[in-house]
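A quick write-up on the structure given underneath.
The values are calculated or read from the model by the stated rules, or taken from the named source; none is laboratory data. Here the structure is a predicted model, which is why all the values come from computation and not from measurement. Note: ideal-geometry Cβ built from the backbone for every residue, glycine included; neighbour counts use all protein chains shown. Just so you know, the surface numbers come from the protein's heavy atoms only, side chains and all, with ligands and any DNA or RNA stripped out. Shrake-Rupley method; radii C 1.70, N 1.55, O 1.52, S 1.80 Å.
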Amino acid sequence: MGVYIDGFNLYYGGRGLCGRGTPGWRWLDIRKLADLICSRNRLWEKPVVERVVYCTAPIKGSPLARKDQATYVRALESSDSVDIVEYGNFVERVNSGPLAIEGLRGQPQLVHPSQLQLFGDTPGIKVMSDKVKVSYSKREEKGSDVNVASYLLVDLYEDRIDAALVISNDSDLEFAVRAARTKIPVGIVNPTKARLVGKLASEPDFGAGRHFSMQLTKEHFTENQLPNPVGSFRKPVGW
C-alpha cells in the first residue's frame, strides 16, 4: 500500500486544528499516522504501509524557519517515517485585483472608491469609477499537488501498490484520484478542519470499490509524534 502526502496541505491543516503557536503537533510521524489510520479501517484486510511519499517545497521564510523545516525532513528520512521526499518550489510574483472585504458569509465584497480616502497617487493602487484595484505580493507553493498525483499514478501503473492513502484536501487531485479508484481502493484523508472538497468525494463502490474518506483531528497530530531526538536531529523549540 502507498501513502501520498501533500506536505503543505497537511501542515496548514494541522495548524488550523491545533493552533499556529501551539507546540506539540509539528513533529509528526507520518508512517505512524498512516499505520494508525489503516489499523482502524475495516474495509481493507490487514493493510501494510510499504511506501510513503512526502511532497513538499523548501520554504522561503526566515533562516530559522528554513532550518527547522530541513531538520524535520531529515528526521522523517532518518526514522524511515517516509521513503521518498519530493520537492516542489515557491513562486513569488506581483498580482493585481479589485480590493475587497469579507462579507458576512465569507464572500468577497468589492470596495467602492467612495469608501476610501486616498490622497495623491499611491503606487500599486488604481482608483476607477466603480472599484479600487490594488497590486499585492503573492507567494505560492507549486508542484506538491502535481508530484502527489504523479507518484500515485506511476506507482499504480507500475504495479507497486494495491491500495493508496492520499493525505490532502486539494481538489486539483481529482483526476488522479478518480483514475486510481478504477484500479485500487483509495482512502482520502482530509487533514484540514474544512469539509472534504466535493471533487475528492466518491461512492465507496465506484471502480475497484472499498474506498473511504476520513478527517484528521487534533489528536491525530499530537498523539503520533516522532521520538525526540531522532538520531542527531532534535525537535525545534516550540514544535
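Considering only C-alpha atoms, what is the centroid distance from the range 212-239 to the range 151-178, in Å?
Answer, in whole Å: 24.
Under a 5 Å amide H to amide H cut-off, with H placed in plane at 1.01 Å, what residues pair with T192 once short-range neighbours are removed?
Hits under the 5 Å cutoff: L216.
Taking the Cα centre of the chain as the origin, how large is its charge dipole in debye, to the nearest 20, when only Lys and Arg (+1) and Asp and Glu (-1) carry charge on their Cβ atoms?
On the way: 32 positive and 28 negative charges, 154 e Å.
Computed charge dipole of the chain: roughly 740 debye.
Out of the DSSP beta bridges found with both residues in the chain, what percent are antiparallel (nearest 5)? Provide the component values of the computation, followed by the final result.
Values: 18 of 39 bridges.
Antiparallel bridges: around 45 percent, rounded to the nearest 5.
Taking the mean number of other Cβ atoms within 10 Å as a proxy for protection, how do you rank 26-36, 60-70, 170-180 from highest to lowest? List each step's numbers first, then the result.
Values: 26-36: 20.2, 60-70: 12.5, 170-180: 18.5.
Output ranking for 26-36, 60-70, 170-180: 26-36, 170-180, 60-70.
Using the Kirkwood radius over Cα pairs, work out the Stokes-Einstein diffusion coefficient for the range 174-224 at 37 °C and 0.692 mPa s, in µm²/s as a whole number. Can you show the working numbers first?
Values: Rh = 11.7 Å.
For the chosen part, D equals 280 µm²/s.
Can you list the residues of the range 201-229 with backbone N under 12 Å from a point 7 Å past the Cα of E174, pointing along Cα to Cβ?
201
Could you look at the range 5-100 and say what percent of its accessible area is carbon and sulfur, using a 1.4 Å probe and all protein chains?
Working: 2400 of 4920 Å².
Carbon-and-sulfur percentage of accessible area, whole number: 49.
How far is it, in nm, from the label point at D83 to the one at E158 when both lie 7 Å from their Cα along the line to the Cβ?
In this crude spin-label approximation the distance works out to 1.0 nm.
Would you pull out the residues with amide H under 5 Å of V3's amide H, same chain only if 5 or more places away, H placed 1.01 Å from N?
R51, V52, V53, L165
Output ³J(HN,Hα) for the range 36-48: one whole-Hz value per residue in order, computed from phi by the Karplus curve 6.51 cos²θ - 1.76 cosθ + 1.60 with θ = phi - 60°, and x for Gly and Pro.
Once rounded to whole Hz, the list reads 5, 4, 5, 5, 9, 8, 7, 7, 10, 7, 6, x, 10.
Per residue, how much accessible surface does the range 1-106 expose to a 1.4 Å probe? Answer in Å², no decimals. If you can, show how the numbers build up before the last one.
Details: 5620 Å² over 106 residues.
Spelled out: the 1.4 Å probe surface of the range 1-106, per residue, equals 53 Å².
Decide, for the chain, between rounded, prolate and oblate: order the square roots of the alpha carbon gyration tensor eigenvalues as a ≥ b ≥ c, take rounded if a/c falls under 1.5, and otherwise choose prolate if a/b is larger than b/c, else oblate. Mind showing how you got there, number by number?
On the way: a/c = 2.24, a/b = 1.56, b/c = 1.43.
Cα axes put the chain in the prolate bin.
Quick check on the chain: helices-only [θ] at 222 nm, where DSSP H runs of length 4 and up contribute -39,500 (n - 2.57) each and the sum goes over total residues. Nearest 500, please. Numbers along the way, then the final one.
Working: 6 runs with 65 residues, N = 239.
For the chain, the value works out to -8000 deg cm²/dmol.
With θ set to phi - 60° and the Karplus curve 6.51 cos²θ - 1.76 cosθ + 1.60, what are the ³J(HN,Hα) couplings of the range 12-18 in order, to the nearest whole Hz, using x for Gly and Pro?
Residue by residue, the range 12-18 yields 5, x, x, 5, x, 7, 9 Hz.
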